[in-house]
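K.L.:
First the structure, then my questions, so here it is.
The values are calculated or read from the model by the stated rules, or taken from the named source; none is laboratory data. In this text, all values refer to a predicted model and were calculated from it rather than measured experimentally. Quick reminder, even Gly has a Cβ in these numbers, built from the backbone with ideal geometry, and neighbours come from all protein chains shown.
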Amino acid sequence: MAYNFDEIVDRENTNGIKWESVQDIYGASDLLPLWVADMDFRGPSPVMEALKQRAELGVFGYTERPDSLYEAIEGWVLRKHQWRIVKNWICWSPGVLPALTACIQTFTKPGDRIIIQPPVYPPFFKVVKDNGRELVTNPLRYVNDRYEIDFEDLTNKFRTTGAKMLILCSPHNPVGRVWTRDELSRIEAICTEFDALIISDEIHADLTYPSFQHIPMASLSAGAAERTIVCFAPSKTFNLAGLQSSYIVIPNKELRIAFNKTMARGHLSMSNTFAITASESAYRDGDEWLEQCLAYIRANIDYAAEFFALHIPEIKMINPEGTYLLWLDCSRLGLDTAGLRRFMVKEAKLALNEGVSFGTEGEGFMRLNAACRRATIEEALQRLLNAVKARR
């Protein structure tokens with residue numbers, strides 16, 4: 001069926017954080033919200049229908065995960081990522097962040113060092129520090145309007161700090177890189193050399209664009225599978241974040257047993273009844289919706305890229321290979337962090353994510369969510385253009 005991604009979906013009065021928390025977070029209510037990473041689209045029709053049928057039963061007691069859910073996940077990962085996983089590798093978590101917390105608590109000790117690669121998803125910083133571990137950064141290199149991994153620095157950081165773990169963001173949020181097989185293989189080689197565990201956050205795995213192919217870190221080789229824990233979820237793919245469900249793929253039996261024990265101690269082993277229904281339906285019947293959704297978002301991205309190039313050359317958009325997030329280099333506006341924040345809120349009337357929240361390497365950048373109606377993107381860019389014109 002053909003989906004209408006131009007449909008107006010009223011997200012107000014739904015307690016949705018993206019739209020209804022703007023006043024509390026940004027101090028103004030007249031902003032266009034393009035910040036938190038969820039979509040403004042209705043989900044796949046098969047998912048909506050499955051949820052309606054489940055709701056009509058009227059009984060929402062404790063629910064086990066059926067074999068059909070595992071089969072749907074196995075089929076999805078094989079179709080989309082050419083990786084054959086098996087049922088007993090799949091573990092469960094309410095979300096990726098609880099899984100990261102469990103991995104840190106299970107496989108490291110207080111005071112151990114953990115490497116992340118900024119500019120990167122802000123909770124990575126917090127989840128390390130909140131658990132009493134020491135943060136080590138391996139900043140990405142911004143070269144010719146594209147981000148690269150600094151492998152020499154990564155090697156040196158492992159050598160000099162004795163780090164026990166790397167938290168990898170793949171595809172990368174916010175810079176939109178889809179790491180190549182060669183890049184992932186180099187990461188594997190370094191982590192093997194220093195006997196480090198890789199926790200690979202692959203929540204954006206399904207959101208890649210033509211000519212870019214996501215490769216699950218653990219699918220690279222038998223060695224990679226032994227030292228990698230992969231975090232997947234339907235939340236970004238199908239806009240199901242509010243149902244709070246993710247699945248964690250751990251081929252290594254010892255790691256899997258240890259992870260599951262930690263989740264059980266925290267009483268985090270159950271799944272939301274509706275999350276089970278939605279996840280199975282999405283992974284079984286969501287291909288058509290996702291294909292159309294990605295084409296729509298890609299058109300939004302192409303529109304934005306052309307608009308910036310033609311009308312707002314002061315802002316450089318990093319063209320994403322994956323995710324629906326636009327990383328905007330605003331350094332040519334000549335504003336400091338506070339000034340850039342005021343400009344976006346007070347003058348452009350936009351609620352975006354501040355680049356500095358992704359690490360000091362993000363200073364001078366903003367993140368914009370392109371998973372919205374074309375009319376919303378057009379309005380946002382026009383507001384931005386008007387604000388820049390007023391400063392010229």
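K.L.:
Of all residues in the stretch 332-383 being closer than 30 Å to Cys293 by Cβ and hydroxyl-bearing (Ser, Thr, Tyr), which is surrounded by the most Cβ atoms within 10 Å (Cβ to Cβ)?
P.N.:
Ranking the qualifying residues of the stretch 332-383, first place goes to Thr376.
K.L.:
Going by the conditions given, is Asn260 on the phi > 0 side of the Ramachandran plot, at pLDDT 95 or above, not basic (Lys, Arg) and not assigned by TED's automatic domain parsing to the domain that holds Ala371? Quick ask: steps written out before the conclusion?
P.N.:
Numbers: on the phi > 0 side of the Ramachandran plot: no; at pLDDT 95 or above: yes; not basic (Lys, Arg): yes; not assigned by TED's automatic domain parsing to the domain that holds Ala371: yes.
No, not satisfied.
K.L.:
Now a separate question. I'm trying to understand the selection: among the residues of the stretch 140-161, which are surrounded by 16 or more Cβ atoms within 10 Å (Cβ to Cβ) and polar (S, T, N, Q)?
P.N.:
Residue satisfying the conditions is Thr155 alone.
K.L.:
State all residues of the stretch 55-64 that are of a type in the set (D, E, K, R) and over 28 Å from the mean Cα position of the chain (by Cα); if no residue qualifies, say none.
P.N.:
Our first condition is that a residue be of a type in the set (D, E, K, R); within the stretch 55-64, this holds for 56, 64.
Glu56 - this is the single residue of the stretch 55-64 that is of a type in the set (D, E, K, R) and over 28 Å from the mean Cα position of the chain (by Cα).
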